[in-house]
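The values are calculated or read from the model by the stated rules, or taken from the named source; none is laboratory data. Bear in mind that the values here come from a model prediction, so they are computed numbers and not experimental data. Note that each Cβ is placed from the backbone with ideal geometry, even for glycine, and that neighbours are counted across all protein chains shown. Ligands, DNA and RNA are stripped out before the accessible areas are found, and what is left, the full protein with its side chains, is counted by its heavy atoms. Shrake-Rupley method; radii C 1.70, N 1.55, O 1.52, S 1.80 Å.
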Amino acid sequence: MALFPKLEEFVSNLHLDFLTEERKLTLQPLVDFVQQNVNEEVRINFICTHNSRRSHLSQIWAQTLAHHFGLKNVQCYSGGTEATALYPMVAETLRSTGFEVQTLSEGNNPVYYIKYSDSTHPVIGFSKKLDHGFNPGSGFAAVMTCDSANEACPFVPGAKKRIPITYEDPKVFDGTPQQAEKYNERSRQIASEMYYVFSLIQ
């Protein structure tokens, strides 16, 4: 399924060599969840504390790569244990990778339109609590993308499965000369791991 050309090139250059056997074991429960539900509807809610960085990158890459592999029944969401705002560097990182990103509304919690292909609807990105009405209320996999949310939410209401897949926070590099590099690094890691997950679905 065609992505925008620059994005397609990025995806074709992803490498999975860095994936250790330990990390593959961490990702396997998500592979299993998708595989078990792929003929019905697969709903995945990526959860972090503030729904500002890692959970959005995970949601967007998972949705993009499900589309890339022709998996039409996959719907990806994101949420936080609290709502803040999608951090602007996340939008900039996605834009530089080849996504079409537009700001739909300004304010304390801006709303973004994030598109990866001409043949499908965009992802609407904004910070929200995990149980926000925009997200599914039941039958979903809750993927915990940060340690603090993983510890704070031992139980996620409505989740069919709870899967910890945590990532280091690029926030620690905010305001430093390494900021763009580290956001790109985290985005590429998440993209590679979501590529691995969806490439295994039969």
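What number of residues within the range 167-188 are crowded, with 16+ Cβ neighbours inside 10 Å, within 19 Å of residue 61 (Cβ to Cβ) and without any contact (Cβ under 8 Å) to a residue 24 or more places away in the chain? Looking only at that region, the number is 1.
The residue of the range 89-123 that is modelled with the lowest pLDDT, among those that are open to solvent by 80 Å² or more (accessible area, probe 1.4 Å) and among the polar types (S, T, N, Q), is 119. In the range 124-165, the qualifying residues are those that are open to solvent by less than 60 Å² (accessible area, probe 1.4 Å) and of a type in the set (Phe, Trp, Tyr), and the one that is nearest to residue 99 (Cα to Cα) is 126. Only residues that are closer than 22 Å to residue 24 by Cα, part of a loop (DSSP other than H, G, I, E, B) and either more than 18 Å from the chain's Cα centre (by Cα) or among the small types (Gly, Ala, Ser) (or both) were counted in the range 150-202, giving 1.
Yes/no per residue for (1) outside any strand (DSSP E or B); (2) touching a Lys or Arg at 6+ places or on another chain (Cβ under 8 Å):
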{"site": "50", "(1), (2)": "yes, no"}
{"site": "61", "(1), (2)": "yes, no"}
{"site": "77", "(1), (2)": "no, yes"}
{"site": "93", "(1), (2)": "yes, no"}
{"site": "112", "(1), (2)": "no, no"}
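Given the structure, is residue 40 assigned to a helix (DSSP H, G or I), of a type outside the set (A, V, I, L, M, F, W, C) and open to solvent by 60 Å² or more (accessible area, probe 1.4 Å)? No. Taken over the range 75-114, residues that are in contact (Cβ under 8 Å) with a residue 60 or more places away in the chain and aliphatic (A, V, I, L, M) amount to 3.
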